[in-house]
Amino acid sequence: MAGARRGEAGASSTRQEGSLLRIFFVVYLTAILLLLLDLSDGRLFFADVDDVLRGVQIRHLLSASGSFWDLTLPMIDSPGIYVSPWSRLVDLPYAGLSLLLTPLLGRDGAISASLLIWPPMLLSVYGLFVAMIWKRIAPITEGIHYLRLAAGTFAMLYAVFEFVPGRIDHHNVQIVALMAVAYGLVRFDRIGGIVVGVGTVMSVAIALEGLPFLVIMFGGLVVAVVAGATRAAETLSAASATICIATVPTALALLGASGTMSTQCDAFSAPYIVLLVGLSGTSWIACRCFADASGWVKLPVLAAASIGVIVATGISFPECLAGPYVGMDPLAKQLWFDRVPQEQGLLHYAGGSPLPGIMLIGIFVTILALAAPRVLSEVRAGNPALAILFVTALVSVLLATGLLRYIRFPFVFAALFVPLALRHIDQASRQPGRASRTLFSVGTGVVMLMLGLWMLSRPQAIHGDAVQAMTVGDCKTSDLSAISKVGGGHILAPPALAMSVLRNPMPSGLTVGPIPFHRASHGMANAYTALITTDPETRREALAPFDYVAVCGFPAQAEPGSAPLYDALSAGKDWPGLARLETGRANPFQLFRIDHANLR
C-alpha cells in the first residue's frame, strides 16, 4: 500500500513537472516568435545608446587595461575620464561567454558573438519564471488553456523585446530579477522568501529603477504580516534574512571595498547598502521578536523601525536626498535631459501624440479590471500574494503613465494577469447577460479613463533648433575611419555623434566626448556652449581642452544663426582656426583640427 502511494505521488509529481515544462515551452516559443518579429525589419525596437555604451564597457573590461572593479572608460571625455555607474553583474555573462568563445572566434569576434547569444539565453530564464508564476496563479486545471498563456506572453511584447540579440542594456537582467521577486511572492513560503531576497539584492545591484516595485512588494508583505496572513511572517523573515546576509558580500564582489564604501546617489553603493541592510535587519528582528504579537503591536514597531532607518540613512547621506540626478548641469538638463522622451510622462510626451501610449494604458487597465475578481477571491481565501502582485502591476501602469522610462514594466507585471482576465471572460460568457454587463462596465470605465488622459495631455512639439539637429545628425552609417589616423588627443563632438564614434575602434590615447548620459552633463553643457555660443571668447574657452572638433553634416538646418559654429560646420563651411581633415568626398562626417591661436 505504501509503495502504491509512493508511486501515485511520483506520478503526480511527474505530471506537475510536465505541466510546468509545457507552460514554459508555450511561453518561450511564443517569446521567440516575438523576437523574430522585432528582427524582421533589421532594426531593434528598443536599440539605443545604452547598448552602445554597454558594449564599450564590456570591451574595455576584456582589454589589457580593463579591471573588474575599475569602471572608468578612458576613451570618453566627460570632461575628465568618464566613470560608469553600471553594474558588473550585467557584464559578467558577456565576459564569460567571450572568454569561452575566444579560442574559436578571436577576442573581437567572441565579444560580438556574446552580445548576440546571451540575451535570448536570458530570455529562457525569464520564460521559466513566467511559467512558474502562471503554474501557481493560473493552473491549467482551472480552465487556463495554453492559447491563453500564449496570449499572455504576446501581451509581454515590450518586455520580450528587451531580450532581442544585441539588446545588451541592463533592462533584461533587471526584468529577470523582478520576476524572481514576483515568483517568490506567489510561492509565499520560506523558499519563496529566499528567492524574494536574492531577487531584491540583484535588482538593486543592477539599477535603481526597480525600487518602486520592490517597495510595493515588501510593503504588501508587511501588511500581510500585520494582518496575520498564513506564512506571511515566514516569507518576510526569510526574505529579510537573505537580503541582510547577501547585500554586503554582493557589494564587495561587484564593487570592491572602495566602491562599497563610496557614495553614489545614482548607483548601488553605500547609501543603498545601508538601506537594504537596515530595513531588512529591522524587519527580520520584528518577525522574530514579535511573532506572537497582535497586528496592532507589529505595525507601529515595523513602521517606527523603518522610519528610523530611512531617517538615519538620509542624515548619513544628505547629498542623495535630491535624487539620483543631483549635480546635473542646468544647461545640459535644459537642452538634453528635458527633451529625452523616456524622461517625459504620457501627458506631456515629447515629440508627438500621446494617443498610442494612452491606448496601451487602457489595455492594461482592462486586463487588471477583468482579473480583479480572481484577486479578490484569493484575498477572501486568505492568500494575499496575488493581491500584492496585482497592486505592483497597477503601480507599474501608473508609473508608466507618469514617466515613459517605466513603459516596459506593465508588460512585465500587468501582462501576468492576462490568463486570469481571459478566464473571467470565459466564465462570464457562460451566464446569460453577465458577459455583456462585465465587458460594458469595464469598457466604459477604461474609455472614460483614456478620454480623461487625452483631455489632460499637452503634447510637446519637436524642437526645430540646432540641438535637435545635433541629435538627429549622428553619422551612424557614415565612414568614420578618419579617426584612426589622427593619433592621440581629445575630440569634441555633439553627444549623438560621440556615441557613433565609440562604435568604432579608437587609437590609444584618443578620447571623444561628451556622451548623452547624466554623468557627462557638464561635458554636454560645454559642447553645447562651444557649438551654439555667439561669443568668440566663450567659444575659445569651451574648446580649450580639445584638439579636434567633429560634426555630422545635416542638410536641413533649422533656425539659421542660432548656433553659428555648428551651423557653419554641419553645412560644410570652414571656420577660422579649424583645419579640415580629409574624411572622404561626400562623407557627412567632418573632422577638424583646432588651431587655438587662430580660433575665432
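Solvent-accessible area of residue 573, all protein chains in place: 120 Å² (probe radius 1.4 Å, heavy atoms, ligands and nucleic acids excluded). On the protein heavy atoms, probe 1.4 angstrom, tell me the percent of accessible surface of the range 466-594 carried by carbon and sulfur. Ligands and nucleic acids excluded, carbon and sulfur give 52 percent.
Between residue 274 and residue 338, residue separation times 0.36 nm minus the direct Cα-Cα distance comes to 19.9 nm. Full extension of the chain between residue 465 and residue 293 yields a length gain of 55.5 nm, computed as 0.36 nm times the residue separation minus the alpha carbon distance.
Rounded to the nearest 10 degrees, the angle from helix 521-532 to the longest Cα principal axis of the chain is 40 degrees. When the scattering of the chain is computed by the Debye formula from its Cα atoms alone, each counted once and equally, what is log10 I(q)/I(0) at q = 0.10 Å⁻¹? Summing over Cα pairs of the chain leads to -0.98. Restricting attention to the range 466-594, close to 60% of DSSP beta bridges with both partner residues there are antiparallel. The Cα center of the range 90-126 and the Cα center of the range 258-311 differ in position by 37 Å. Computed from the Cβ-Cβ distance with R0 of 56 Å, the FRET efficiency linking residue 107 to residue 303 stands at 0.55. To put it simply, the accessible area of the range 169-317 at a 1.4 Å probe is 74 percent carbon and sulfur. Quick check: the angle from helix 232-261's long axis to the longest principal axis of the chain, C-alpha only, nearest 10 degrees? Helix 232-261 sits roughly 20 degrees off the main axis of the chain.
Cβ screening of the chain for cysteine pairs under 4.7 Å finds these without a partner: 244, 287, 289. Surface composition of the range 31-166: carbon plus sulfur atoms hold 71% of the accessible area, using a 1.4 angstrom probe and ignoring ligands, DNA and RNA. For the range 260-385, taking the reciprocal of the average inverse distance between every pair of different Cα atoms yields a Kirkwood hydrodynamic radius of 19.2 Å. Calculated accessible area for the range 276-409 comes out at 47 Å² per residue, all protein chains present (probe 1.4 Å; ligands, DNA, RNA ignored). Largest accessible area first, the residues 215, 277 order themselves as 215, 277 under a 1.4 Å probe with ligands, DNA and RNA left out.
Convex hull volume of the Cα atoms of the range 66-115, normalised per residue: 85 Å³. The length gained by stretching the chain between residue 310 and residue 540 to full extension, at 0.36 nm per residue less their Cα-Cα distance, is 78.1 nm. Quick one: angle between helix 88-137 and the longest Cα principal axis of the chain, in degrees between 0 and 90, rounded to 10, please. That works out to roughly 30 degrees. Taking every DSSP bridge with both residues inside the chain, close to 65 percent are antiparallel. For the range 60-73, the Karplus equation 6.51 cos²θ - 1.76 cosθ + 1.60, evaluated at θ = phi - 60°, returns couplings of 5, 4, 8, 7, 5, 9, x, 9, 4, 8, 9, 9, 6, 10 Hz by residue, with Gly and Pro reported as x. Extending 7 Å from the Cα toward the beta-carbon at both residue 67 and residue 29 defines two label points whose distance is 5.1 nm. Across the range 169-317, the convex hull enclosing all Cα atoms gives 95 Å³ per residue. Per-residue surface analysis assigns residue 316 an accessible area of about 80 Å², computed on protein heavy atoms at 1.4 Å probe radius. Residue order by solvent-accessible surface for 596, 522, 60 is 522, 596, 60, largest first, with ligands and nucleic acids left out and a 1.4 Å probe.
Ligands, DNA and RNA aside, residue 600 has an accessible area near 120 Å² when probed at 1.4 Å. Sorting 244, 475 by accessible area puts them as 244, 475; the probe is 1.4 Å, largest comes first, and only protein heavy atoms count. Summarised as an ellipsoid, the range 114-228 has semi-axes of 24, 21, 11 Å, derived from the eigenvalues of the Cα gyration tensor scaled by 5 and square-rooted, with the largest first.
Relative to its Kirkwood radius, the Cα radius of gyration of the range 466-594 gives an Rg/Rh of 0.92. Dipole magnitude for the chain: computed about the Cα centre from +1 point charges on Lys and Arg Cβ and -1 point charges on Asp and Glu Cβ, it is near 1920 debye. Applying 1/(1 + (r/R0)^6) with r as the Cβ-Cβ distance of residue 574 and residue 45 and R0 = 45 angstrom yields a FRET efficiency of 0.65.
The values are calculated or read from the model by the stated rules, or taken from the named source; none is laboratory data. Here the structure is a predicted model, which is why all the values come from computation and not from measurement. No Cβ is skipped: glycine too gets one built from the backbone with ideal geometry, and neighbour counts run over all protein chains shown. Each accessible area value is taken on the protein alone, full model and side chains, heavy atoms only, with ligands, DNA and RNA left out. Shrake-Rupley method; radii C 1.70, N 1.55, O 1.52, S 1.80 Å.
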